[in-house]
Amino acid sequence: MTTLTNCLLPLAGRAPLTIVSGAGSYVFDSAGRRYLDATTGIGVNALGHAHPRVTAALIDQARQSIHTSNLFHNPFQDQLAKRLCAMTRLDCAFFSSTGTEAVEAALKAVRARRRGRIVALNRSFHGRTIGSLAVTGRAKYREPFGQLTPEVIFVEPNDCAALERAFDGDTAGMILEPILGEGGIIPLDADFLRLARELAMQHGALLIADEIQCGLGRTGFRFAYEESGVQPDIVVLAKPLACGLPLGATLFSEEAADALPPGAHGTTFGGGPLACRLALEFLDVMEESLPHIRRAGDQLLEGLRGLQQRHPAIAEVRGRGLLLGLQLDVAGARFVESARELGLLINCTHETVLRLLPPFTLSWGEANQIVRALDEMFVQAS
Ligand SMILES: *Cc1c(COP(=O)(O)O)cnc(C)c1O
């Protein structure tokens, strides 16, 4: 029996830290202690904390309208849809509240179009609803819930031969994260992405890119699939999109969208004016930040590679832009704790990967501070 220390269902492994405020790359606890935030609310606070443009837009919009429902139009949802369609070269948008719901909408389109199998990747993470759980490539998350609806074939990331074997005329679609996030920052090779595109095309299946964690500027590019030249049929977005307000977006090609006629899907909260206005603000700042994200990411990567030379516990450094992971050869949980004691917030994913998701506004000095704190952390541990 779990001991309940407060009234929360103890599902999340929470650190003994209460965050009361934040500014830029830092958060502050109830005792006023400052922490450099390389978790950014799991990639949500990508513009850092209390960004002046975000705060100003939020206050201004809260005075006008927070929620209208989708019985009506609101100006920001229409603008945001146009903008995201132009960015993804897709044709229409559906807004929901969370990542898992954005994935759910994508899966519903795939299944409505063809009742076939779905191909997904081992170590993938797509969310916690029954549908998105069904394509999540970790048995630990899936198995407690028994048989999940769609039939899914899981393939090892970057295993091109296995990918070819997974597709046939009954394949309805494939879902992939161009860089697996929860799975431990595993970038998919451009060749693997191109093969997925080609196989989906050959078999008349839809290709879904889950860019919830790796997309929207995180890698220094708008989308992580961009550099491979692959054009997905459906792109799924959420985490940083509305600067901390819940907002998911599913972008469809015309062909994919045809599978969801009026009434086939819906939401009460998704795409409200406040969340969509913040998303437009986010996109403006993100576009301006792309060159900086690439530079800051390169600097951080170089620093982490330096650490790898000095500390044998680091087996590999992976990632791109400001989505970086340290593959350890030991469990990572205790390092998360010692980093926190040194004033640095990181988290551990897939048991042995320390994940860094710092804000896009990370300065040169802050990037160095991350490297120095990690260095001290590994020195203390050895
Ligand atoms: C976080 C995440 C999700 C789920 O998003 P929620 O908002 O937690 O439902 C789905 N896919 C990826 C790649 C994610 O990182």
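The values are calculated or read from the model by the stated rules, or taken from the named source; none is laboratory data. Everything numeric in this text was worked out from a predicted model, so none of it was measured. A quick note on method: Cβ atoms are made from the backbone with ideal geometry, for glycine too, and the neighbour counts reach across all protein chains shown. Just the protein is used for accessible areas: all its heavy atoms, side chains included, with ligands, DNA and RNA removed. Shrake-Rupley method; radii C 1.70, N 1.55, O 1.52, S 1.80 Å.
Evaluation of ARG142 against the conditions (1) over 24 Å from ASP329 (Cα atoms); (2) assigned to a loop (DSSP other than H, G, I, E, B); (3) within 16 Å of the ligand (Cβ to nearest atom) shows that the sole unmet condition is (2). For the range 280-304, name all the residues that are in contact with a strand residue (DSSP E or B) (Cβ under 8 Å, 6 or more places away or on another chain), more than 22 Å from ALA56 (Cα to Cα) and either open to solvent by less than 10 Å² (accessible area, probe 1.4 Å) or acidic (Asp, Glu) (or both). Within the range 280-304, GLY297, LEU300, LEU304 qualify. For the range 134-151, the set of residues classified as farther than 16 Å from LEU180 by Cβ and either under 17 Å from the mean Cα position of the chain (by Cα) or aliphatic (A, V, I, L, M) (or both) consists of ALA134, LEU148, listed by residue number.
Taken over the range 137-172, residues that are of a type in the set (S, T, N, Q), touching a residue at least 24 places away in the same chain (Cβ under 8 Å) and open to solvent by 20 Å² or more (accessible area, probe 1.4 Å) amount to 1. Exactly one residue out of LEU251, LEU307 is open to solvent by less than 30 Å² (accessible area, probe 1.4 Å) and within 16 Å of the ligand (Cβ to nearest atom): that is LEU251. Applying the set (1) among the hydrophobic types (A, V, I, L, M, F, W, C); (2) touching a strand residue (DSSP E or B) at 6+ places or on another chain (Cβ under 6 Å); (3) surrounded by 18 or more Cβ atoms within 10 Å (Cβ to Cβ) to ALA57 leaves exactly one unmet item: (2). Looking across the range 68-99 at every residue that is open to solvent by 30 Å² or more (accessible area, probe 1.4 Å) and in contact with a strand residue (DSSP E or B) (Cβ under 7 Å, 6 or more places away or on another chain), the one that is nearest to the ligand (Cβ to nearest atom) is identified as THR98. Among (1) at positive phi; (2) buried (at least 18 other Cβ atoms within 10 Å of the Cβ), where does GLY343 come up short? Of everything listed in (1) at positive phi; (2) buried (at least 18 other Cβ atoms within 10 Å of the Cβ), GLY343 misses just condition (2).
Please verify whether the range 100-108 includes one or more residues that are away from the ligand (no atom under 13 Å from the Cβ) and either open to solvent by 50 Å² or more (accessible area, probe 1.4 Å) or without any contact (Cβ under 8 Å) to a residue 60 or more places away in the chain (or both). So far as the range 100-108 goes, yes, one or more of its residues are away from the ligand (no atom under 13 Å from the Cβ) and either open to solvent by 50 Å² or more (accessible area, probe 1.4 Å) or without any contact (Cβ under 8 Å) to a residue 60 or more places away in the chain (or both).
Condition check for VAL330 on (1) open to solvent by less than 30 Å² (accessible area, probe 1.4 Å); (2) not in a helix (DSSP H, G or I): one failure, at (1). Only residues that are under 18 Å from PHE335 (Cβ atoms) and either surrounded by fewer than 16 Cβ atoms within 10 Å (Cβ to Cβ) or of a type outside the set (S, T, N, Q) (or both) were counted in the range 11-44, giving 10. Applying the set (1) in a strand (DSSP E or B); (2) free of Cβ contacts under 8 Å to residues at least 60 places away in the same chain; (3) surrounded by 22 or more Cβ atoms within 10 Å (Cβ to Cβ); (4) not charged (D, E, K, R) to MET377 leaves exactly one unmet item: (1). Residues that are more than 16 Å from the ligand (Cβ to nearest atom), part of a loop (DSSP other than H, G, I, E, B) and either among the β-branched types (Val, Ile, Thr) or touching a helix residue (DSSP H, G or I) at 6+ places or on another chain (Cβ under 8 Å) (or both) within the range 160-196 comprise just one, PHE167. The residues in the range 200-247 that are away from the ligand (no atom under 16 Å from the Cβ) and open to solvent by less than 30 Å² (accessible area, probe 1.4 Å) can be counted, and the count is 8.
Candidates are the residues of the range 117-136 that are out of contact with any helix residue (DSSP H, G or I) (no Cβ under 6 Å at 6 or more places or on another chain) and open to solvent by 10 Å² or more (accessible area, probe 1.4 Å); the one that is farthest from the ligand (Cβ to nearest atom) is ARG117. Does GLU316 meet the test of being out of contact with any strand residue (DSSP E or B) (no Cβ under 9 Å at 6 or more places or on another chain), open to solvent by 50 Å² or more (accessible area, probe 1.4 Å) and of a type in the set (D, E, K, R)? Criteria not met by GLU316.
Against the list (1) part of a strand (DSSP E or B); (2) in contact with a Ser or Thr (Cβ under 7 Å, 6 or more places away or on another chain); (3) over 17 Å from ASP233 (Cβ atoms), the condition GLY131 fails is (1).
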